[in-house]
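Please read the structure below before turning to the comments.
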Amino acid sequence: MRVAHAFRLPIITVAAALVLSGCMRTAAPVAVAQPADLDSIAYGPPAGAPPQVVAASSGGAIGALHTAFASSPRPAVYATPAVVAYAAPAPDRYDAAYHLDAGDKLRVMVYGQEGLTNTYAIDAGGSITMPLIGQVAARGRTPAGLAAEIAGRLRHGFIRDPSVAVEVEAYRPFFILGEVAAPGQYPYVPSMTVESAVAIAGGFSPRATRDSVTLTHTDASGIGRFVVPPGTPINPGDTVLVGERWF
């Protein structure tokens, strides 16, 4: 009995040491992959891309928890920022060829006839008045169409084979109203847009709506009003209305 009691104490001590070493085992550290750039550091990883986590095997219940958390999917914390898309200006809805109207100033050239070659203004009635043939309707015609009409008039009893060309020397003005520095009437310049019209009028006022304007255009089909972005082209005689913003 004394011999068994003598061996019992070392055995109990060794068993206790083994149990304590299994319970108090320190888990290996968890290494997390670091972001590759400053944006990731400041704002976090992009949505939908879970961070890479490397967990060392530590065994026991603690190691099992580390493995479970590392392999489970994580919800996206950072929402993808909204993207604002600006629609490109709509295709030019106006006529491909310029149509004449009151206020346009034309240069009419009749080759070989110095007395007929001159500058003519389209009057309020939409006509020009030339020697020999009198009034010729110009409103709604293209320059080429007006040249053909003048040649046809001259051919009947005046000139055997007339050669006529018509070009626009000065376009009729456009109008700009509303929230600009200097609203009013201005000479038209070819290839103008709403943005350049606003610049000619001194720029937007502090209360102006800057992302769209109301454009009024008149043609053979009637009067049309359109809400358009600043890059939209304008024609002679158009009216640009810059609205007032509320905030």
Item to complete: Could you check the simple spin-label distance between Ser205 and Arg245, using points 7 Å along Cα→Cβ, in nm with one decimal?
Response: 1.5 nm
Worksheet item: In whole Hz, what ³J(HN,Hα) sequence does the stretch 239-245 give by Karplus (6.51, -1.76, 1.60; θ = phi - 60°), x for Gly and Pro?
Response: 10, 9, 10, 9, x, 9, 7
Worksheet item: Amide H neighbours of Ile234 under 5 Å, counting only residues 5+ apart in sequence or on other chains, H built in-plane at 1.01 Å?
Response: Met192, Thr193, Val194
Worksheet item: If amide H atoms are built 1.01 Å from N in the plane of the peptide, which residues on other chains or at least 5 residues away come under 5 Å of the amide H of Val213?
Response: Val228
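We did not get these values from a lab; they are worked out from the coordinates using the rules stated. None of the values given here were measured: they were computed from a predicted structure. Note: ideal-geometry Cβ built from the backbone for every residue, glycine included; neighbour counts use all protein chains shown.
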